[in-house]
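Q: Here it is, the structure, as structure tokens.
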Amino acid sequence: MTPLPVEATRLVKTYGSLRAVDGVSFAVQPGECFGFLGPNGAGKSTVIRMITCTSPVTGGTLRVAGMDVRLNGRAIKSLLGIVPQEDNLDPDLPVRQNLEVYARYYGISREAAEGRIAETLALFQLTEKANAQVDDLSGGMKRRLVIARALVNDPQILVLDEPTTGLDPQARHLVWQKLRMLRSRGVTMFLTTHYMDEAAHLCDRLVIMHRGSILAQGNPHDLIRDHAGEVVLELRLDADERAPLLGELAGVDGVAIEEVEDIAYIFGAADAARRIAARIADPAIAFLRPGNLEDVFLRLTGRGLLD
Amino acid sequence: MTVRPDLSIGSYRVWQRNRDVTFRLWRTEFIGITVEPFVVILALGLGLGQFVKLGSGERYVAFLAPGLLAMFPMFAAVFECAWGSYVRLEMQHTYDAIIATPVSVDDVITGEILWGTTRSVLNAGYILAVAAVLNPWLHMIASPWALAVVPLAVVPGLLFSAISICFASVARAMSQFSYFFNLVINPMFWFGGAFFPFDELPRWAQVLGWFIPLTHVVDVYRGFIRGELSWSMAGDMAWVAVATAVFYWLGLMGMRRRLIQ
């Protein structure tokens, strides 16, 4: 039996008195895209740093491709392709040489690297930029180059830390398209994000993380169905105006209400929600929409993902 | 995390990276590196050298030569491993990118020091050539032993690369390098036994001089350039070896603490 790409059991990481990662357990299956969704500071990047052997594990166990991160740092890193949150391309080297020098860190011969680099540059639409300076690339191109760089060693697992943070929508979609293509080629991916649309787009399975702990895990559809329901009603009314409506809903079986500032979210009462939306007939006040991962997070924590 | 350095061929890969970058960017550095030695050697040799008389009767230019030949490799190492390393560590996050591969932090630091040392040796070769060109006028070099300064540049190269990277590992801002330069490197430049002989100074100054790393390097250089090898040079080499090892180790620990959290 081949070992799991990543397997964590009661994984803990503390910085002084702060428990950045507080006993999380999860397992990534071969060929899947596994996501960590959570707000900034949830502990996602810390998990990544432990997987990539650049942050010592405080407690629990963490195995990558069956190897203990405490003991096999070099061997594990040779199997990983890493896309860090911040671009750390080598600005002293032009595009192609960035990849050549990087391949050398993995001990890949010049001849072996050459074909792979040409192929990867083509795949990420960077062939024309092969001799350009890194500083002259756009944000989206830099991101694509960082992903291309992570593939030079033909990794078993691609680890991406917030792959599209800071990109404009067009560049994001291009990066997503490339990642979906890699997924369809069977590349195992582990990614963190605080964008719920990114998680929904790319992940076969994900965990929702908050303050160092996992709140829920599963595939995005199941999570939405179980925690948010198919239909969510948003009521954008002042507290005293929405009170009678909420009173009306209070008796409905299975209903859940989350009030965040000037919006009340109504979950799990599809029929009643549709009735109210039809009666008010103004989507600026009563907005009926499908449930999403943001709702799941809201249900589990009582707060928004991006605060 | 072990006390022993965790080294591999990765050190060499880091050295290769720096070599490639330097040879790609050599044009931007070329003119400064080419012209500076002429300026310094002419100013100190022709200018200062004409007016200073030593108690021992030795010509000042001949006294000065070993110090100058040791100083240039020192500066080469300092620039590479203090400023250069800090830029790669903190501005460019080059180290973060490298340690995500099978190359360890210790490999990175070792590769950086080896490259700083390489720069010192290349630099020494060039300075010796300049001194040779100017020799008909300045008579800085008296013995073929002077050729030894090229391989000998490994000594200040390793020592000052290690000292510099040790500082880079604890520096919190680029501006702090002015402290390093003004409080460490510059005093060493003036008091490191290059410009005046220590044996004519009071006892306390000689004791103080013993603690200055450059003093020992200059002593070794002086012995080789005059062609007068002595046992005290072995003592100087031992001093440098111990200091290099200590700063290397401190640099490793500092960088590990900084990069592995």
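Q: Determine by what factor the alpha-carbon radius of gyration of the range A:155-230 differs from 2.2 N^0.38 Å, reporting the quotient. The partial results should precede the final answer.
A: Values: Rg = 13.0 Å, N = 76, 2.2 N^0.38 = 11.4 Å.
That ratio works out to 1.14.
Q: Give the long-range amide H neighbours of A:Gly23: residues separated by 5 or more places, or on another chain, with amide H under 5 Å away, using H modelled in the peptide plane at 1.01 Å from N.
A: Distant-sequence amide H within range of A:Gly23: A:Leu11, A:Val12, A:Lys13.
Q: Debye sum, Cα scatterers, the range B:75-180, no solvent: what log₁₀ I/I(0) at q = 0.16, 0.23 1/Å?
A: For the range B:75-180, the Cα-only Debye profile gives -0.73, -1.12.
Q: Quick one, what does Rg over Rh come out to for the range A:160-280 if you take C-alpha atoms and the Kirkwood Rh? Show your work: numbers first, answer last.
A: Working: Rg = 18.2 Å, Rh = 17.0 Å.
Rounded to two decimals, Rg over Rh is 1.08.
Q: Moving to a separate point now. By counting other Cβ atoms within 10 Å of each Cβ, how are B:Ser8, B:Ser230 ranked from fewest to most?
A: Details: B:Ser8 15, B:Ser230 11.
Result, fewest neighbours first: B:Ser230, B:Ser8.
Q: At 7 Å along Cα-to-Cβ for each site, give me the label-to-label distance between A:Ala278 and A:Arg185 in nm.
A: 5.1 nm
Q: Let me ask something additional. Between 0 and 90 degrees, rounded to the nearest ten: what's the tilt of helix A:169-184 against the longest Cα principal axis of chain A?
A: Helix A:169-184 and the main axis of chain A meet at about 70 degrees.
Q: Also, quick follow-up: Quote the FRET efficiency, to the nearest 0.05, computed for A:Leu71 versus A:Asp154 with a Förster distance R0 of 30 Å and r equal to the Cβ-Cβ distance. It would help to have the intermediate numbers written out before the result.
A: Working: r = 24 Å, r/R0 = 0.79.
Efficiency, from the Cβ-Cβ distance: 0.80.
Q: Multiply the residue gap between A:Ala118 and A:Asp222 by 0.36 nm, knock off their C-alpha separation, and tell me the result in nm, one decimal place. Intermediate values should be presented prior to the final figure.
A: Values: separation 104, 0.36 × 104 = 37.44 nm, distance 4.03 nm.
Between A:Ala118 and A:Asp222, full extension yields an extra 33.4 nm.
Q: How large is Rg over Rh for the range A:241-307, taking Rg from the Cα atoms and Rh as the Kirkwood inverse mean of 1/r across Cα pairs?
A: Working: Rg = 11.8 Å, Rh = 12.6 Å.
Radius of gyration over Kirkwood radius for the range A:241-307 works out to 0.94.
Q: Sketch the reach of a paramagnetic label on B:Arg203 as a point 7 Å from Cα along Cα-to-Cβ, and name the residues of the range B:209-232 whose backbone nitrogen lies under 17 Å away.
A: Counting only backbone N, you get B:209-211.
Q: Using only Cα atoms, tell me the angle between helix B:213-226 and the longest principal axis of chain B; keep it within 0 to 90° and round to the nearest 10.
A: 50 degrees
Q: Determine Rg/Rh for the range A:74-181; Rg is computed over alpha-carbon atoms and Rh is the Kirkwood hydrodynamic estimate from the same atoms. Walk me through the numbers on the way to the answer.
A: Numbers: Rg = 12.9 Å, Rh = 13.8 Å.
Looking at the range A:74-181, the ratio lands at 0.93.
Q: Kindly flag which residue pairs out of A:Lys77/A:Lys129; A:Lys13/A:Lys142; A:Lys44/A:Lys77; A:Lys13/A:Lys178 have an alpha-carbon separation exceeding 24 Å in this structure.
A: On the way: A:Lys77/A:Lys129 28 Å; A:Lys13/A:Lys142 31 Å; A:Lys44/A:Lys77 19 Å; A:Lys13/A:Lys178 32 Å.
The answer is A:Lys77/A:Lys129; A:Lys13/A:Lys142; A:Lys13/A:Lys178.
Q: If one takes the longest principal axis of the Cα atoms in chain A, at what angle in degrees, from 0 to 90 and to the nearest 10, does the Cα axis of helix A:95-105 lie?
A: Once rounded, one gets 80 degrees.
Q: Still on this structure, please answer the following. Assuming R0 = 25 Å, what is the FRET efficiency of A:Arg110 and B:Thr2, from their Cβ-Cβ distance, to the nearest 0.05?
A: On the way: r = 32 Å, r/R0 = 1.29.
After rounding to 0.05, the efficiency reads 0.20.
Q: Between A:Asp135 and A:Gln177, what is the FRET efficiency for a Förster distance of 41 Å, r being their Cβ-Cβ separation, to the nearest 0.05?
A: On the way: r = 25 Å, r/R0 = 0.62.
It comes out at approximately 0.95.
Q: With viscosity set to 0.890 mPa s at 25 °C, what whole-number translational diffusion coefficient in µm²/s follows for chain B from Stokes-Einstein and a Kirkwood radius over Cα pairs? Working shown, then result.
A: Details: Rh = 19.1 Å.
This corresponds to a translational diffusion coefficient of 129 µm²/s.
Q: Given springs between every Cα pair under 10 Å in a Gaussian network model of chain A, which of A:Val83, A:Val101, A:Val64 has the largest fluctuation?
A: A:Val101
Q: Let me know the mean shielding of B:248-261 by other chains, meaning the per-residue number of their Cβ atoms within 10 Å of its Cβ. Mind dumping the intermediate values first?
A: Working: counts 0, 0, 0, 0, 0, 0, 0, 0, 0, 0, 0, 2, 6, 7.
Other-chain Cβ atoms within 10 Å of each residue's Cβ, averaged: 1.
Q: On average over all directions, what projected area in square nanometres does the range B:123-239 have, based on the convex hull of its Cα atoms? The partial results should precede the final answer.
A: Working: hull surface 34.5 nm².
Orientation-averaged projected area of the Cα hull: 8.6 nm².
Q: Can I ask one more? With springs only between Cα atoms under 10 Å apart, run a GNM on chain A and tell me which of A:Glu230, A:Glu128, A:Glu86 wobbles the most.
A: In this elastic network of chain A, the residue with the biggest mean-square fluctuation among A:Glu230, A:Glu128, A:Glu86 is A:Glu128.
Q: Could you give the dipole magnitude of the range B:1-149 about its Cα centre, charging the beta-carbon of Lys and Arg +1 and that of Asp and Glu -1, in debye to the nearest 20? Show your work: numbers first, answer last.
A: Working: 10 positive and 11 negative charges, 75 e Å.
Dipole about the Cα centre, nearest 20: 360 debye.
Q: Given bins 20 angstrom wide, list per bin the percent of all Cα-Cα distances in the protein assembly as shown, short to long.
A: 18, 39, 26, 12, 4, 0
Q: Highest GNM mean-square fluctuation, chain B, Cα pairs closer than 10 Å: which of B:Phe195, B:Phe224, B:Phe23?
A: B:Phe23
Q: Let me know the Kirkwood hydrodynamic radius for the range A:1-98, please, with Cα pairs as the basis and the value in Å to one decimal.
A: Final number for the Kirkwood radius of the range A:1-98 is 14.7 Å.
Q: Now, a different point. If you take the Cα Rg of the range A:102-246 and divide it by 2.2 N^0.38 Å, with N the number of residues, what do you get? Mind showing how you got there, number by number?
A: Details: Rg = 20.2 Å, N = 145, 2.2 N^0.38 = 14.6 Å.
The reported ratio for this selection is 1.39.
Where a number appears in this text, it was derived from the coordinates with a stated rule and is not lab data. Computed from a prediction, not measured in an experiment: that's the story for all the values here. As a convention, Cβ positions derive from the backbone with ideal geometry for all residues, glycine included, and neighbour counts pool all protein chains shown.
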